[in-house]
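The block underneath contains the structure these notes are about, expressed in structure tokens.
The values are calculated or read from the model by the stated rules, or taken from the named source; none is laboratory data. Predicted model only: the values in this text are computed from it and were never measured. Ideal geometry is used to build each Cβ from the backbone, glycine not excepted, and the neighbour counts take in all protein chains shown.
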């Protein structure tokens, strides 16, 4: 993204550029006409990639480089996939015969649960919720990682948590995800699949409950220990997310038998899809609610006349101004006495507590999974149900 990024036009410092408010937007006169601008302050620089100087910037004059980056990644991905696909060839006949003979002796003859039966048993739905509940944390953290880091720790450690640090944090979570896919499956071989899934909950709930307190400890900015504690906690949670997906295929194989494990896997995987689709939406919804609450608390402490002068509208128009991003926490703090605490570290408290509850329920669901009774298995050669 840095290669394609284009910085916006700097009009000057806030003191040099006369600003007005129009329909909740900050405007400045440029070339004889009013145009929308964005005010970058010391508190918001960490959320603006590439911008290192506070001031008034012309809205729409720069580019994050996101679109061009995605086009490049798409081209690279397509090339790699085509190369891999063209490089695949059918095995030689004797290899096919060997594999078929081994399948007939080992896999096909083993008892299994038909997938039609599997979806009618409680184990399927308990496992589905267990996957969804555990995956929702990792999926949400990965999708919002940069915003999480910038909003929670940017105000307390502006010299440490900049755009590059937040990007490195995202890359580190990718490593944790990969590490979890390698580490947890090997642990599950000794501990057991179900026990490992329960371990995810026993590890995740305390970490999620402790993170709001850890975030609050960073407000003073005296020690970066809470910051690194947050990095370690999120990395552990994301590793569990990676392990969850790495363990699921053998878990289903152990539970239902080998023959239809792939079909059942596809159905259970809808739980993961639900977490990927719903997790970030839930996180954003809860964060927006906390953001509105903190804005209202700060606005109550601002002199109404000063508020109207700064934003061109009364406090009663807070919702409209906030939706247009004209009123932000950093801008309200500029109107309050120096030393007023920035509440950004609390924006994700409700999210973390909610996630802890979901992971706790997923842990209970995993604990309730029991071996499937033998009467639901059929013989590997398609015969009648196996005798108990």
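Contact map, the stretch 292-311: first residue more than 21 Å from residue 344 (Cβ to Cβ), second residue part of a helix (DSSP H, G or I), Cβ cut-off under 7 Å, separation 6 or more or different chains; pairs are 304/315.
Does residue 341 qualify as being assigned to a loop (DSSP other than H, G, I, E, B) and under 21 Å from residue 353 (Cβ atoms)? When the stated conditions are applied, residue 341 passes them. Inspect all residues belonging to the stretch 221-235 and state whether any of them is assigned by TED's automatic domain parsing to the domain that holds residue 153 and within 17 Å of residue 129 (Cβ to Cβ). No, the stretch 221-235 has no match at all. Each residue in the stretch 250-271 was checked for being surrounded by fewer than 23 Cβ atoms within 10 Å (Cβ to Cβ) and within 17 Å of residue 195 (Cβ to Cβ), and 4 pass. Candidates in the stretch 329-375 are the residues that are within 30 Å of residue 114 (Cα to Cα) and touching a strand residue (DSSP E or B) at 6+ places or on another chain (Cβ under 9 Å); of these, the one that is surrounded by the most Cβ atoms within 10 Å (Cβ to Cβ) is 374.
Select, from 86, 45, 82, 73, the only residue that is under 18 Å from residue 7 (Cα atoms) and either surrounded by 14 or more Cβ atoms within 10 Å (Cβ to Cβ) or modelled with pLDDT of 65 or more (or both). None of the other options fit; the residue is 45.
Scanning the stretch 273-296 for residues that are within 11 Å of the chain's Cα centre (by Cα) and buried (at least 19 other Cβ atoms within 10 Å of the Cβ) yields 275, 279, 283. In the stretch 146-154 there is no residue matching the filter, namely being buried (at least 19 other Cβ atoms within 10 Å of the Cβ), touching a strand residue (DSSP E or B) at 6+ places or on another chain (Cβ under 9 Å) and at pLDDT below 90.
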